[in-house]
Amino acid sequence: MTLAERPVPRVAAPFAALQRTWDDRPGIPGMLESVDHKRIGTRYLVTAFAFLLIGGVEALLMRLQLAGPDAEVVGAQAYNELMTMHGTTMIFLFNTPVFAGFGNYVLPLQVGTRDMAFPRLNALSYWVYLSAGGLLYSSFLFGAVPDGGWFAYVPLSGNRAFSGGLGMDFWAVGIAFLGVSTTVGAINFLVTAIRMRTPGMTWPRVPVFVWGVVVMSLMIVFALPAITLAGLTLEADRNFGFNFFDAAAGGEPILYQHLFWIWGHPEVYLLFIPATGIVSTIIPVFCRRRLVGYPLVVASLVATGFISFGLWLHHMFATGVPALSADFFSVASALIAIPTGVQFFAWVSTIATAPVRPRLEPPMLFAVGFLVTFLIGGMTGIMVAMVPFDWAAHDSYFVVAHFHYVLFGGTVFPTFAGLHYWFPKMTGRMLDRRTAIVSFWLIFAGFHVTFFPQHILGLMGMPRRVYTYTEGYGTAFDVMNLISSVGAFVIAAGIALMTWNFLRSRRRGAEAPADPWGADTLEWSISSPAPAYNYAAFADVESHAPLWDWDEGRTRTAVAVVDDEDLTQPLGGHHRTIVTSALEADEVEVVTMPSPAAWPFALALASLVICIGIVASSWLIAGVGALGVTVAMVAWQQGIAER
Amino acid sequence: MSVTATVITLAILIWLVRGLTRRRRDITPRWSEQRLLIAGGVIMPLVVVTAVSVLAVGVIQASERTEPEMRIEVEGHQYWWEVTYADGQETANEIHIPAGVPVEMVLTSDDVNHSFWVPALGGKLDLIPGSTNEKVIEADEPGVYEGLCAEYCGIQHANMRFLIIAQPRDEFDAWLADQTRPAAAPEGVEARRGQQVFEQQACSGCHTVRGNRVADGEQGPDLTHVASRSTLAGLAIVNTEAGRRRWVAHPQIVKDGNEMPAVPLTPDELDAVLAYLDGLR
């Protein structure tokens, strides 16, 4: 291996020949074939955001039904469907994929490479996500909307006697199908982070957000099989006469809850971890201060990931677990306060010791909104981790309030922070600052008005998942429910304004410079929007904040020539990029990436047909799908073998 | 615990706001920021977590030690509670207990998961088909305590509530003795005709009236002493004459999706059945 390094300007000039090679064909063929991680990442973000809006409308309808006692706005059945789809949508179709979206868009840019390690697999992840989301929502067309809760506990959801119709079949098959997308995506992130880092980016120089995605992906690889298995066994019980969970036939209903939460607890932390990665990215930039305690923060991410696998039973304290198990899981759950505390104090210390007064630009506002909200959610988290308290709070509105503080506060605020932060890079346009600030305050105020009273309602004895409550619990009870409903509409107004800002600024916003925030990571060293090839030459980095190193006068160098091949020029029209060694990122090799192809799209579509066949109990449809899957897989290989 | 949580939350928030708004004349922090991180992020949570864990484990262990003086079987159904006492007395949705006595609820389910929760008397515990859970409750004072199902169990989960009726010991004993009797024979023409309708129609297929050879159904609540209860249908109905009428005539309107079908009765038959039920005291 021979490398030639050359100094590069802070912002690279466009390379026309590279751009032509890496750009997609125009029109619909190019759209279906695209393997560009930026395009796929943006699609993920847009689709997830659309699901956020749908799940939000479902929440509004629920809050209308609960605005007063004995209300009859939507009724029992529709409420239970909305409740099920709200949870399913927010966890599976918004929150998890939105971080796949950020990971897709940001991770390759931050590690300084040109695409994800497996570009076609990446396209497949997105198309499967879209198909599974479509499958779940097609249940509305057939009037068979899942109504067994987003957790689909058995026997209620596992037996047609208790949940007739196809609703829970859509759920079980959709969730298992979606697991393909999540798992494949996670493997792709891991390989990209391990082998595609720019020269010199040793692990202590990896940006915190990338660390977050790496830990998230590791967790997905180990946690996802449990939910896939839960979905498959549920469907086997419902549709194929198995008795995994039927107590009368020797099955064990509690087993399902274990399966669900062995995935479910790591799941909420694997949402939280990349979210903190976004916060750890944004706070230093707007404080102009390198993150305090970077090694401790990274260690905390890893520790949180590990501990999260030993906590699942705390969702089941009310099922009658032995006292010793309750003790163990209670203390383990509370221990999560330590790595989370480390992260929290790293952010607060970064703000407190910033050399400038922190700039409260929209991304920073959302990050601060996260700090405040998540702090409260963390405190109530310690409370519900304590078994005696949990016996009282479990399945009450206290828990609803708690997990909205940690999920909305802990992951949605960072999501909005990230959207405002990277919008200029994605679109080349700036968001309207004033609109963004107004939407932040609406969302922030609306959030607390909605969810704070729910703590008190829970302590007063209001259970979760009830479609109505009777008069007679007192004025305070009714008024707090009404306040909560009003708050929900304030959040909705804020999100509507934010959506409008995104749509309008995308076309009419001021043109964004390459680095509007004075940021420290590599993606801000290229034009906005990023060129199709990302980087013409591969930056040689010396810390996790390379742009600030350069600002401080270190020489900017980049690898442009490897083994006599000039990487700034395309070779034979192929997507060529470099891979580096796993630990030190120093041994460099040039590789040809798979070309754009529509086969991932075809494979996702054919898989969807199989799923439809299972839901419809039609072997014919499933068989046609299986045939399609075979064809698509063979054809997929052909495209790669040409190299 | 709430107070501690609030104090810590406020302290950190104040510090955060100071950090965000302070003018930077002197950026040298008084503490080195690494030490700050260790103190706030490691030591503080460790102290808090240790303290609350010790307290919590103490409570968990203590909860195992209460010795009950009495056992009551509670079986969950979509969407009502079947309550059985030691000598086979059976009632629904209203659990009478002696006040000041620890009583063990033996919990199981006939269909899906439910959860037994009386907010004023302690935490919740699930009812799971195929297994039993035991929960000891104790009401210090006589009174009526509302309970509810806390595990989502289907369309009418919201209307699966119950009452704990804690009575002085002698009152409770009298009530239990009363419940031991078989059903009173119908008095009057109307009530006797009501019994016939009850026996001939679907009613008797699902409901038991102890002492009546035809009415031995197991799916619905035992109606032997139904008129002595204050509520019906998982507290969806107040058990007055008007409430009963509404429930028997329109069960699917009162409680959409519950297991009780609307039995087609002529107005005369309805009056008769209600007269019969009114006598089941």
Once the Cα atoms of helix B:169-180 and of chain B are each reduced to a long axis, what angle between those two axes, in degrees from 0 to 90 to the nearest 10, is obtained? 40
Let me have the 222 nm mean residue ellipticity of chain A computed from DSSP H runs of 4+ only, each contributing -39500 (n - 2.57), with the sum over all residues rounded to the nearest 500. -21000 deg cm²/dmol
Identify all lysines with a Cα-Cα distance to B:LYS135 below 28 Å; exclude those on the same chain that are fewer than 8 residues away in sequence. B:LYS124
Rough spin-label spacing in nm, given labels placed 7 Å along Cα→Cβ, for B:GLU73 and B:VAL189: 4.3
Summing +1 for each Lys or Arg and -1 for each Asp or Glu, what net charge is found among the other residues whose Cβ lies under 13 Å from the Cβ of B:VAL197? -3
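Let's test the formula: R0 of 51 Å, r as the Cβ-Cβ distance of B:VAL47 and A:GLU542. What FRET efficiency results, to the nearest 0.05? Numbers along the way, then the final one.
Working: r = 39 Å, r/R0 = 0.76.
Calculated transfer efficiency: 0.85.
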Using alpha carbon centers only, the stretch A:142-173 is separated from the stretch B:80-95 by a whole-angstrom value of 31
Mind checking the dipole of chain A: about its Cα centre, +1 per Lys or Arg Cβ, -1 per Asp or Glu Cβ, Debye to the nearest 20? 1360
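How big is D for the stretch B:225-281, in µm² s⁻¹ as a whole number, if Stokes-Einstein is applied with the Kirkwood radius of its Cα pairs at 37 °C and 0.692 mPa s? Spell out each step's value before the answer.
Values: Rh = 11.5 Å.
For these conditions, the coefficient is 285 µm²/s.
Largest first and in whole Å, give the semi-axes of the stretch B:156-255's equivalent ellipsoid, each being the square root of 5 times a Cα gyration tensor eigenvalue. Walk me through the numbers on the way to the answer.
Details: eigenvalues 99, 83, 33 Å².
Equivalent ellipsoid of the stretch B:156-255: 22, 20, 13 Å, largest first.
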Ordering of A:461-467, A:525-531 by packing [mean C-beta count within 10 Å, highest first]: A:461-467, A:525-531
Computed FRET efficiency, Cβ-Cβ of B:THR266 and B:THR240, R0 30 Å: what is it to the nearest 0.05? 0.85
If you average the C-alpha positions of the stretch A:465-492 and of the stretch A:516-591 separately, how far apart do those two centres end up, in angstrom? 54
Where a label projected 7 Å from the Cα of A:ASP566 along Cα→Cβ would reach, residues of the stretch A:503-546 with amide N under 17 Å: A:536-538
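Tell me the relative contact order for the stretch A:513-643 as a rounded percent, counting alpha carbon contacts under 8 Å between residues six or more apart.
Numbers: 141 pairs, mean separation 18.8, N = 131.
For the stretch A:513-643, the relative contact order is 14 percent.
Starting from the stretch A:207-263, pick out the chymotrypsin sites (Phe, Trp or Tyr not before Pro) whose DSSP state is loop and whose Cβ has at most 12 other Cβ atoms within 10 Å.
When the chymotrypsin sites (Phe, Trp or Tyr not before Pro) of the stretch A:207-263 are filtered for loop state and at most 12 Cβ neighbours within 10 Å, A:PHE240 remain.
Between the DSSP loop rule and a limit of at most 15 other Cβ atoms within 10 Å, which GluC sites (Glu not before Pro) in the stretch B:24-111 are left? Can you show the working numbers first?
Details: sites: B:GLU33, B:GLU64, B:GLU69, B:GLU73, B:GLU75, B:GLU82, B:GLU90, B:GLU94, B:GLU104; in loops: B:GLU64, B:GLU69.
When the GluC sites (Glu not before Pro) of the stretch B:24-111 are filtered for loop state and at most 15 Cβ neighbours within 10 Å, B:GLU64, B:GLU69 remain.
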Run the simple label-point estimate for A:ARG288 and A:PHE142 please: 7 Å along Cα→C-beta, distance reported in nm. 5.9
Förster-model FRET efficiency, 35 Å R0, B:ARG213 and A:GLU72, C-beta, rounded to 0.05: 0.25
Where the Cα atoms of the stretch A:505-643 are projected onto their three principal axes, how long is each span, largest first, in whole Å? 67, 43, 30
Mark the label point 7 Å from the Cα of A:ARG434 along Cα→Cβ and return the residues of the stretch A:342-370 whose backbone N is within less than 17 Å of it. A:361-362
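From Cα pairs below 8 angstrom and at least 6 apart in sequence, can you work out the relative contact order of chain B, rounded to a whole percent? Don't jump to the answer; show the numbers that get you there.
Details: 486 pairs, mean separation 42.8, N = 281.
Dividing the mean separation by the residue count of chain B yields 15 percent.
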The lysines whose Cα lies under 26 Å from the Cα of A:LYS425, excluding any fewer than 8 residues away in the same chain, are A:LYS38
Going fewest to most other Cβ atoms within 10 Å around each Cβ, A:TRP422, B:TRP15 line up as B:TRP15, A:TRP422
Treating the beta-carbon of each Lys and Arg as +1 and of each Asp and Glu as -1, no other charges, what is the dipole magnitude of the stretch A:531-614 about its Cα centre, to the nearest 20 debye? 640
Cleavage-rule hits (GluC sites (Glu not before Pro)) in the stretch A:546-615: DSSP loop, at most 16 neighbouring Cβ within 10 angstrom: A:GLU552, A:GLU584, A:GLU587
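Please give the net charge around B:ASP278, taking every other residue with its beta carbon less than 11 angstrom from that of B:ASP278, where Lys and Arg add +1 and Asp and Glu add -1. Before the final figure, lay out the partial values.
Working: positive: B:ARG244, B:ARG245, B:ARG281; negative: B:GLU187, B:GLU190, B:GLU241, B:ASP271.
Computed value for this residue: -1.
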The exposure ranking of B:ILE137, A:ILE307, fewest beta-carbon neighbours within 10 Å first, is A:ILE307, B:ILE137
Roughly speaking, what is the centre-to-centre gap between the stretch A:302-380 and the stretch A:30-59 when only Cα atoms are used, to the nearest Å? 28
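In percent, how large is the relative contact order of the stretch A:109-256, given Cα pairs closer than 8 Å and 6 or more residues apart? If you can, show how the numbers build up before the last one.
Numbers: 174 pairs, mean separation 45.7, N = 148.
It rounds to 31 percent for the stretch A:109-256.
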Contour minus end-to-end for B:THR21 and B:GLN34, with contour as 0.36 nm per residue of separation and end-to-end as the Cα-Cα distance? 2.5 nm
Ranked by Cβ crowding within 10 angstrom, fewest neighbours first, how are B:ARG213, A:ARG576 ordered? B:ARG213, A:ARG576
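Readers should treat all values here as calculations from the given coordinates under stated rules, not as data from a laboratory. As the structure is a computational prediction, the values presented were derived from the model and not from experiment. Because the Cβ atoms are built from the backbone with ideal geometry, glycine has one as well, and the counts that use them run over all protein chains shown.
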